[in-house]
1. Go through 419-430, 254-265, 51-62 and give me the packing order, highest mean Cβ count within 10 Å leading.
2. Apply the a/c threshold of 1.5 to the C-alpha gyration tensor of region 446-490 and tell me whether it is rounded, prolate or oblate.
3. Which shape class applies to region 344-482: rounded if a/c is under 1.5, otherwise prolate when a/b exceeds b/c and oblate if not, where a ≥ b ≥ c are the square roots of the Cα gyration tensor eigenvalues?
4. Arrange the peptides 473-484, 159-170 so that the one whose residues have, on average, the most other Cβ atoms within 10 Å appears first.
5. Compute the distribution of all C-alpha to C-alpha distances in region 162-210, in bins of 5 Å from 0, and list the percent of pairs in each, rounded to whole numbers.
6. Rounded to two decimals, what is the ratio between the C-alpha radius of gyration of region 332-402 and 2.2 N^0.38 Å?
7. Could you order the peptides 279-290, 456-467 from most to least packed, using the average number of other C-beta atoms within 10 Å per residue?
8. Rounded, prolate or oblate: pick one for region 412-600, where a ≥ b ≥ c are the square roots of the eigenvalues of its C-alpha gyration tensor, a/c under 1.5 means rounded, and failing that, prolate if a/b is larger than b/c, else oblate.
Ligand code: ADP
Ligand code: MG
Ligand code: ZN
């Protein structure tokens, strides 16, 4: 059940009541009855003092207007009549003009009097229901929320997606089939019923789906997995049924379910407290529907997920989502394409070199590259320049990598420690072969909570990494701690994240890559990549002796790496002091600065 949604409706109700009240008091009342209400003796007093201009007797009310005085215009008031047999005599005596009006109200004013105050309430009710189920009737809750969209409405084409070559080719083939099924059936070819786009977040899966819709000239149903899951039991399954009914009428067509993990999670793994049978029902219905139509019926179901490994095995069985399209992080040419797409409407300075940017952003996802271009534009706007310069992009990279820089200054002692720590990382990387070059060292705290950071930028995309390179990487991770141990004779809490990453890396070397002589070429990690911590997760079929050996080997790898770093830093201790001092003054230095200092000292 969705708590958020429930409090939403409660909020609406309160707003509705407030609105009704305000409406009555501020708009409605003054509009219909403009007079103020006074008591009978005020009326008698005014009558006696001859202030009254005219009186109208209307049923149980006396409506009267006061004469205009110097400080006041003519005003009106009314009073509830008391049973006063002398009233008419009094009025005659005072000489005021008076008349009577029939008390019967017109039909219109009765209607207005009843309906108008309730109108806001009805309107808001209507909108609440609309939010809940697409219309004011509760019957429509089971209707799917899929939007059938025509491609032109989205306006995204494959030309807006960069660096996904393989995936694009496969999707084009599916569109081709839907436009011209005859060509395929003549060859006896069948297309998969279900296509699953899998890949890490931000690689452009949703974007690809939208581009597919933009290119396909067939009906396209677009919805997210979470839109099946509702607060009413049974709604999810009903929505799936309705969706497939609609789609089959429109065939050939495409159904796209974004973030399918919301309904497609493995059924046992969601059974927490009491399980989530609603999600299970929805998933079962989806499986049944997918089985229910023939392979060449002209309905292709596409789905996207960040985590294909948590999907229920039944979903990826043949006959369902049997084709997986991997959407990978972009390679260098891909990054260049994506950068070009996202900067095509930006005024770039003449010094901007997108090739270089593509080179130094290894590991960036499409979303991060889009974010990078946007950050650079924002920086240029803040500086009031007309074009976006390469310096803006460089700063934007730092922001995307390290988070926004914080301005709170640190004490001198801490700055000194952080300087030595970061230079420890940087120098280990500088002297050890097989490590990525240092791009920047900084002791400006980041919004993400780091006191400083050393940024390394790979010079190329890595597909294969050797054992020695991995060892060097661990040494660099422990270089900060090594420097602290050498200079201050103690480690600090600042290295905890370094330790975590180094330990994880060492664990993978041993349990996944078979890089320990003692344990041999054996995989010890379980298949989903969670590593054994004696029965807590993953495999519990390892003997205690094996677990002990794994721990010992991790220990040995980390020890060796720390010694490597310590050795390098002790050997170049003069450089360590020099660079740390320089960094403490400057707060941030580039990889080029580092190289300059090192070469000048040797
Ligand atoms: P996913 O669904 O894989 O998590 P999205 O498709 O939502 O990622 O990507 C988010 C945004 O990042 C997109 O709207 C787009 O601006 C940008 N983006 C991601 N990948 C690409 C790409 N391959 N080409 C161009 N832009 C991309
Ligand atoms: Mg997405
Ligand atoms: Zn560190």
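Nothing in this text is a laboratory measurement; each read-out follows from the coordinates by a stated rule. If you're wondering where the values come from, they're calculated on a predicted model, not measured in any experiment. Neighbour counts are summed over all protein chains in view; Cβ atoms, including those assigned to glycine, are modelled from backbone coordinates with ideal geometry.
1. 419-430, 254-265, 51-62
2. It comes out oblate by the Cα gyration axes.
3. oblate
4. Most protected by this proxy first, the peptides run 473-484, 159-170.
5. With a bin width of 5 Å, the distribution comes to 4, 17, 27, 21, 14, 9, 5, 1.
6. Normalised Cα radius of gyration, region 332-402: 0.97.
7. Peptide ranking by packing, descending: 279-290, 456-467.
8. Cα axes put region 412-600 in the prolate bin.
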